[in-house]
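To keep things clear, I will list the structure first and then write my remarks on it.
The values are calculated or read from the model by the stated rules, or taken from the named source; none is laboratory data. Source: prediction; values computed, not measured. Using ideal geometry, Cβ is built from the backbone for each residue, glycine included, and neighbour counts are taken over all protein chains shown. Side chains included, ligands, DNA and RNA excluded: accessible areas come from the protein's heavy atoms. Shrake-Rupley method; radii C 1.70, N 1.55, O 1.52, S 1.80 Å.
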Amino acid sequence: MATQVEFDYEMARFISFRDREACERVRRITRAELTKHPNPDFRISVIDDEPAFYQAFADDLVGRIRSARDEGRTFVAILPVGPMPQYALAARAINEQRLSLAHVHTFNMDEYANEDGVTAPLSWPGSFQRAMRERFFALVDAKLRPPDDQIHFPTTEALPDYSDRIEALGGADACYGGIGWCGHIAFWEAHLGEEFDGDLDAYMCAGARLVELHPMTIMQNALHSFGGDWSWVPPKANSIGPREILGAKHRSFWLDGDLGGGVSWQRFIARLVAHGPVSEFVPGSILQTKPTDYTILGGVADDVEIHMA
């Protein structure tokens, strides 16, 4: 065994969050320690069984829709594309329960756009609109679906008043989502923090806008959606902002970035978002400040270690 020699280096220049001490601290958080958090309203849990993980996601969504119906109120949800398996499970439950979605308004978090800010059309295979319509709404009995004008996407045309549409309905009842490799929530990317000059309050009030995707997001999405082909991933996207996420009455985030074989791209960022400093360079970290359910698939919760495949 070779003698271990100290090896010093700077992080790659494209990485936005550069607090090495914080990175080293959260990297050392063990699986056993991961669910402990000083904010009791930031509830971290781990579900080891993959089918149970997605079923829990579906049950949470359907349960909130049903409760709103029973209470005679509108239900407004911000929804992600990723993860996706829960939507088929939710649709099945909605059909079995004959649960009308007439009172439901959905707002998708984001949608891809080209270099000029033109969003992907429904016909493009990678469109989030297409994914949601095919893998959720089309699976719900036509008699139970919400009216089409209550299903919202941040298209080029809708973006200018997208934040206002959500707020006009009283804000979202629940904001669902995941965490990106750079720490993004929706497509609100890590490098956007540079624009706020340390003003975290202004950052938290920022609304929907067109953004340029972070290099890590391009690679992450190439990996899980485009067969590893980074040339296929659009360069920009329309995204909701911290304002809509923090303005929701509740946040429910689900981390399933486990590739199997002991490999997960999400182990470190899951820890940095949940246990690192609240920073505009780690967008998901703002979830620590509000009541949030933060649910982690078992393999993502495993300790962060060097893994030579």
Which strands (runs of 3 or more DSSP E) does the range 219-309 wholly contain that include 1 or more residues that are touching a residue at least 12 places away in the same chain (Cβ under 8 Å), open to solvent by less than 10 Å² (accessible area, probe 1.4 Å) and out of contact with any Gly (no Cβ under 7 Å at 6 or more places or on another chain)?
236-239, 251-255, 292-297
From Thr119, Thr35, Thr30, residue being under 30 Å from Thr155 (Cβ atoms), modelled with pLDDT of 95 or more and among the hydroxyl-bearing types (Ser, Thr, Tyr)
Thr119
Which ones in the range 202-218 are among the β-branched types (Val, Ile, Thr) and assigned to a helix (DSSP H, G or I)?
Thr217, Ile218
Name the single residue that is most open to solvent (accessible area, probe 1.4 Å) among those in the range 87-104 being touching a Phe, Trp or Tyr at 6+ places or on another chain (Cβ under 7 Å) and of a type outside the set (A, V, I, L, M, F, W, C).
His103
Do we have Glu134 as in a helix (DSSP H, G or I) and either within 21 Å of Val211 (Cβ to Cβ) or without any contact (Cβ under 8 Å) to a residue 12 or more places away in the chain (or both) here?
yes
May I ask you to verify whether Ala77 is surrounded by 11 or more Cβ atoms within 10 Å (Cβ to Cβ) and over 24 Å from Lys290 (Cβ atoms)?
no
Within the range 177-196, of all residues that are buried (at least 24 other Cβ atoms within 10 Å of the Cβ) and not in a loop (DSSP other than H, G, I, E, B), the one farthest from the chain's Cα centre (by Cα) is Ala190
In the range 106-118, what residues are touching a residue at least 60 places away in the same chain (Cβ under 8 Å), touching a Pro at 6+ places or on another chain (Cβ under 7 Å) and buried (at least 19 other Cβ atoms within 10 Å of the Cβ)?
Met109, Asp110, Glu111, Tyr112, Ala113
Mind checking which pairs have a first residue in the range 159-184 that is under 23 Å from Gly117 (Cβ atoms) and a second that is basic (Lys, Arg) and not in a loop (DSSP other than H, G, I, E, B), Cβ under 8 Å, 6 or more apart or different chains?
Leu159/Arg209; Ser163/Arg243; Gly177/Arg251
For the range 10-40, enumerate the residues that are part of a loop (DSSP other than H, G, I, E, B), open to solvent by 70 Å² or more (accessible area, probe 1.4 Å) and farther than 20 Å from His214 by Cβ.
Arg28, Lys36, Pro38, Pro40
Would you confirm whether any residue within the range 102-125 is assigned to a loop (DSSP other than H, G, I, E, B) and under 26 Å from Leu297 (Cα atoms)?
yes
Complete set of residues in the range 145-176 that are of a type in the set (A, V, I, L, M) and open to solvent by 10 Å² or more (accessible area, probe 1.4 Å):
Ile151, Leu159, Ala168, Leu169
Checked pairs for the range 142-154, first more than 29 Å from Trp188 (Cα to Cα), second among the polar types (S, T, N, Q), C-beta under 6 Å and 6 or more apart or across chains, list as Leu144/Ser100
Of the numbered conditions (1) within 23 Å of Gln266 (Cβ to Cβ); (2) open to solvent by less than 100 Å² (accessible area, probe 1.4 Å), Gly63 satisfies every one except a single condition; which is it?
(1)
